[in-house]
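Before any comments, here is the structure.
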Amino acid sequence: VDDGERLGLEDSEVVKKFPKIPSMPISADTADTIFRSLEGARVPHEWRDTLKAKVGRVGPGPTMLNFTYQGENKMATIHNVFAVIRGSEEPDRFVLLGNHRDAWTYGAVDPNSGTAALLDIARRYALLMRLGWNPRRTIILCSWDAEEFGMIGSTEWVEQNLVNLGSKAVAYLNVDCAVQGPGLFAGATPQLDDLLVEVTKKVKDPDSEDMTVYEKWTTTNKGISIQRLGGVDSDFAPFLQHAGVPSIDLYYGRDFPVYHTAFDSYNWMTTYGDPLFQRHMAVAGIWGLLALHLANDPIVPLNYLTYTAELQEYTKVLSNLLEGSVTLRPIIASIQQLAAAAKEAEEEVKKLKEQENVGDLLVLKKRILNDRLMFAERGFLDAEGLQGKQWFKHLVYGPSSDLESKLVFFPGIIDAISRSKRTNKTEGQAAIQHEIWRVARAIQRAAYALKGELT
């Protein structure tokens with residue numbers, strides 16, 4: 001940013017972003033050779049599931065490795081690139097699709113598979129525009145830079161445009177590694193679950209003859225499996241966890257073996273990842289259709305009944321974890337408020353869809369309802385943010401400091417539970433109860449936003 005605040009290379013905030021221990025990815029064969037040569041102490045029992053049976057001892061020696069690291073610290077300019085399709089009726093409402101294009105090495109999977117899908121969506125939209133189509137709401141295609149350095153491109157842009165995104169963004173749809181292998185994986189904020197499911201029913205599965213993506217997805221997982229976006233894994237993080245924009249993250253396959261190595265190449269993709277590029281087409285189809293619904297449907301397809309059900313499940317898990325040591329009544333009461341607001345909103349959606357009269361009043365009613373559906377997610381934000389991680393404002397989905405916890409919700413509460421183990425009982429329970437009240441107030445804010453009324 002021209003004339004913006006800059007931190008020097010030696011600034012503590014910059015220095016702590018870089019790892020203290022240099023590392024280098026190597027092939028499995030090379031690693032196996034090194035492991036087999038080690039002597040010394042035996043592998044701890046708790047490591048054995050991860051390291052498998054190939055590793056018996058952990059050293060030291062007798063092997064000596066010559067490791068040379070070459071790095072360069074420098075200031076560089078990054079470039080985000082945007083394509084904007086202006087909405088014909090609601091140009092001040094934005095549906096955003098994003099992918100980063102910087103890579104560690106060749107980046108055929110990460111991120112170029114996603115970049116290829118984004119460019120294909122742009123091509124398809126261009127064809128529609130030549131036929132006279134324009135979306136109801138504005139569609140913005142975003143190509144982020146410097147994601148591998150910590151989502152810098154998307155984060156800086158979100159921070160610069162925070163007020164406009166807070167008042168105008170309908171949803172953010174992210175694809176990082178579009179194709180890593182077989183099988184659809186999706187993460188979303190819960191009000192987008194229904195839309196995601198419906199769209200997968202319209203796209204042919206790339207690995208089956210006569211099945212849709214939905215049919216293969218449910219068969220493989222024995223039901224619908226949608227992950228949540230509590231991690232800081234890709235460019236959805238600033239949109240959801242800082243700005244409170246409903247978000248989706250999509251990809252095919254997971255845990256591909258050439259991640260962030262020089263083997264992440266076009267050859268790997270055509271040999272193993274997606275030889276016929278059919279999975280790329282499926283991701284582009286799902287991604288593009290999601291955006292079309294969010295940009296074109298007269299009433300934005302956001303269903304908070306699903307969100308309510310998810311929050312109720314989180315509360316049950318939390319109740320079992322806490323075993324009555326503190327009360328969850330504040331959260332339970334807030335969820336009931338959100339449930340009532342969500343039910344009213346869904347009834348209003350049905351009534352407005354049934355009205356056949358076309359006029360300014362109906363348009364205005366839909367606009368007002370859409371705004372409430374958009375803004376409800378912002379209610380989960382808290383100005384103070386998470387303790388020790390104040391930049392992260394979302395109290396339902398965000399990163400926990402407890403690396404051993406497998407829970408992906410209420411990060412502030414989970415952190416308070418973790419900290420309570422290192423303090424006296426009274427202080428620990430008080431801290432947990434405070435975080436419970438914070439979450440309860442956030443859910444309550446979301447309910448008020450969805451109702452569109454003051455307290």
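The values are calculated or read from the model by the stated rules, or taken from the named source; none is laboratory data. Treat the numbers as computed from the prediction; the structure is a model and nothing was measured. For neighbour counting, all protein chains shown are included, and Cβ atoms are generated from backbone atoms with ideal geometry for every residue, glycine included.
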field: First in the range 145-161 and modelled with pLDDT of 95 or more, second anywhere and among the β-branched types (Val, Ile, Thr), Cβ under 6 Å, 6 or more apart
entry: 145/78; 146/78; 146/152; 153/78
Subset of the range 98-131 that is without any contact (Cβ under 8 Å) to a residue 12 or more places away in the chain and assigned to a helix (DSSP H, G or I) - its residue that is farthest from the chain's Cα centre (by Cα): 130
- prompt: If the Cβ limit is 7 Å and pairs must be 6+ apart or interchain, which residue in the range 413-436 that is closer than 13 Å to residue 388 by Cβ pairs with which residue that is acidic (Asp, Glu)?
  reply: 414/402; 415/402; 416/435; 418/402
message: When you check residue 83 against the structure, is it more than 30 Å from residue 236 (Cα to Cα), among the small types (Gly, Ala, Ser) and not in a loop (DSSP other than H, G, I, E, B), yes or no?
response: no
message: Could you tell me how many of the residues in the range 119-144 are in contact with a Lys or Arg (Cβ under 9 Å, 6 or more places away or on another chain) and either of a type outside the set (Phe, Trp, Tyr) or surrounded by fewer than 18 Cβ atoms within 10 Å (Cβ to Cβ) (or both)?
response: 7
task: Quick one: which residue in 383, 342 is aliphatic (A, V, I, L, M) and not in a helix (DSSP H, G or I)?
output: 383
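Taking residue 386 as the residue in question, decide whether it is closer than 18 Å to residue 237 by Cα, crowded, with 22+ Cβ neighbours inside 10 Å and within 19 Å of the chain's Cα centre (by Cα). Spell out the reasoning first.
Details: closer than 18 Å to residue 237 by Cα: yes; crowded, with 22+ Cβ neighbours inside 10 Å: yes; within 19 Å of the chain's Cα centre (by Cα): yes.
Judged against the criteria, residue 386 is a match.
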- request: Filter the range 33-51 for residues that are at pLDDT below 80 and surrounded by 10 or more Cβ atoms within 10 Å (Cβ to Cβ) and give the result.
  value: 47, 48, 51
task: Scan the range 194-216 and give yes if some residue there is in the same structural domain as residue 141 (by TED's automatic domain parsing) and within 11 Å of the chain's Cα centre (by Cα), otherwise no.
output: no
message: On the basis of being at negative phi, touching a strand residue (DSSP E or B) at 6+ places or on another chain (Cβ under 7 Å) and either assigned by TED's automatic domain parsing to the domain that holds residue 434 or not in a helix (DSSP H, G or I) (or both), does residue 330 make the cut?
response: no
field: Residue among 95, 58 that alone is free of Cβ contacts under 8 Å to residues at least 24 places away in the same chain, surrounded by 15 or more Cβ atoms within 10 Å (Cβ to Cβ) and in contact with a strand residue (DSSP E or B) (Cβ under 9 Å, 6 or more places away or on another chain)
entry: 58
